[in-house]
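Inspection log for the structure reproduced underneath, given as structure tokens.
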Amino acid sequence: MGYVKRSLEGWGNGLAGVIIFSGSLPATRVAVAGFSPLFLTSARGLIAASIGAALLLLLRQERPERKDALPLAIVALGVVIGFPLLTALALQHITSAHSIVFLGLLPLATALFGVLRTDERPQWPFWLFSCLGSVTVAAFALSGGGMASLNGDLLMLAAVILCGLGYAEGAQLSRRLGGWQVISWALLLAAPLMLPVTMATLPSSWRSIGASAWFGLGYVSIFSMLIGFVFWYRGLALGGIAGVSQLQLLQPFFGLMLAGWLLREPVAWTMVVSTCLVILCVAFARRFA
């Protein structure tokens, strides 16, 4: 009974994390209308790092060991710097609805880096469905659906790769350090870099920044950068990395609904079809991982 309760709690936490992450791209799309991508990336990191530092101090968490420095740096590169910056740059060229299609590859990227990290040997169908998913995304990008842009598409692909790397490394660390502790330490590690970037990219005029841009900054700073990881890594720890990580397959659906509902962006049928095909490919690939 205790195992069932623990598993259900893990899946519940994982689902909450996925729902929170689903709002990241629409919120970023809104925020880049008022802030530059560099300022948005660095400011969200500093805000989240301040909250994370307070939590670590108040709860008296032990410092990571020296051997954890490189893995934490990889987490910081992937989810603190790489994904936020590259998606902010991409969303200057494409809509959030278009960018969300690429999130269908995020579970696959996480699985691939997990294979490299743990020396697992997937069955051959894993690689077959991996290639089919990649071809589907490439075909959608080249089809011109949803304001296609080569620059935006390439930036999104790079963002997904770095995020998958950060997720896989963070999942490994969370087994020893704890989920929210991993993202908090990674944020603190990146803070010395974020501070001068924030100061150098301050907006020239604060009056021209609308309320929606401030809301977007607040969401990606507090929810996407910190609270989402509290639920996500806790879910992975309680319910199992392999099982709970499959909840990422729902993220494109939630994201497309938010983009259409909140931003009134057109959600073309090609986006929905492409997302469904990618999700099927990733689901089968993960089955044979």
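The values are calculated or read from the model by the stated rules, or taken from the named source; none is laboratory data. Bear in mind the structure is a predicted one, so any value in this text is a computation, not a measurement. Note: ideal-geometry Cβ built from the backbone for every residue, glycine included; neighbour counts use all protein chains shown. Calculation scope for accessible area: heavy atoms of the full protein, side chains included, ligands and nucleic acids excluded. Shrake-Rupley method; radii C 1.70, N 1.55, O 1.52, S 1.80 Å.
Observations, loosely collected:
- Net charge of Cβ neighbours under 14 Å - reference Ser184; Lys, Arg +1; Asp, Glu -1: +1
- Counted by Cβ distance under 13 Å from Ala90, the other residues give a net charge of 0, where Lys and Arg count +1 and Asp and Glu count -1.
- Kyte-Doolittle at least 1.0, axis length at least 15 Å by Cα - qualifying DSSP helices, the chain: 37-58, 106-118, 124-143, 179-200, 251-262, 269-287
- Residue order for Glu9, Glu62 - accessible surface, 1.4 angstrom probe, largest first: Glu62, Glu9
- Spacing of the modelled spin labels on Val272 and Met199, each 7 Å from Cα toward Cβ, amounts to 5.1 nm.
- Around the Cα centre of the chain, unit charges on the Cβ atoms of Lys, Arg, Asp and Glu (plus for the first two, minus for the last two) sum to a dipole of about 440 debye.
- Of the residues His93, His98, ranked by 1.4 Å probe accessible area with the largest first, the sequence reads His93, His98.
- Sites Val115 and Trp214 - FRET efficiency at Förster radius 35 Å, r taken between beta-carbons, to 0.05: 0.30
- Among Ala54, Ala237, Ala27, residue whose mean-square fluctuation peaks in a GNM of the chain (springs only between Cα atoms under 10 Å): Ala54
- Available extension along the chain between Leu70 and Phe288 is 75.5 nm, counting 0.36 nm per residue and deducting the alpha carbon span.
- The spacing between region 218-240 and region 165-184, judged by their C-alpha centroids, is 11 Å.
- Computed lengthening from Leu8 to Trp261, 0.36 nm per intervening residue step minus Cα-Cα distance: 88.1 nm
- Contour excess over end-to-end distance, with Cα ends at Trp127 and Arg60 and 0.36 nm allotted per residue: 19.7 nm
- Listed residues Leu86, Trp11, Ser224: farthest to the positive end of the dipole of the chain (Cβ charges): Trp11
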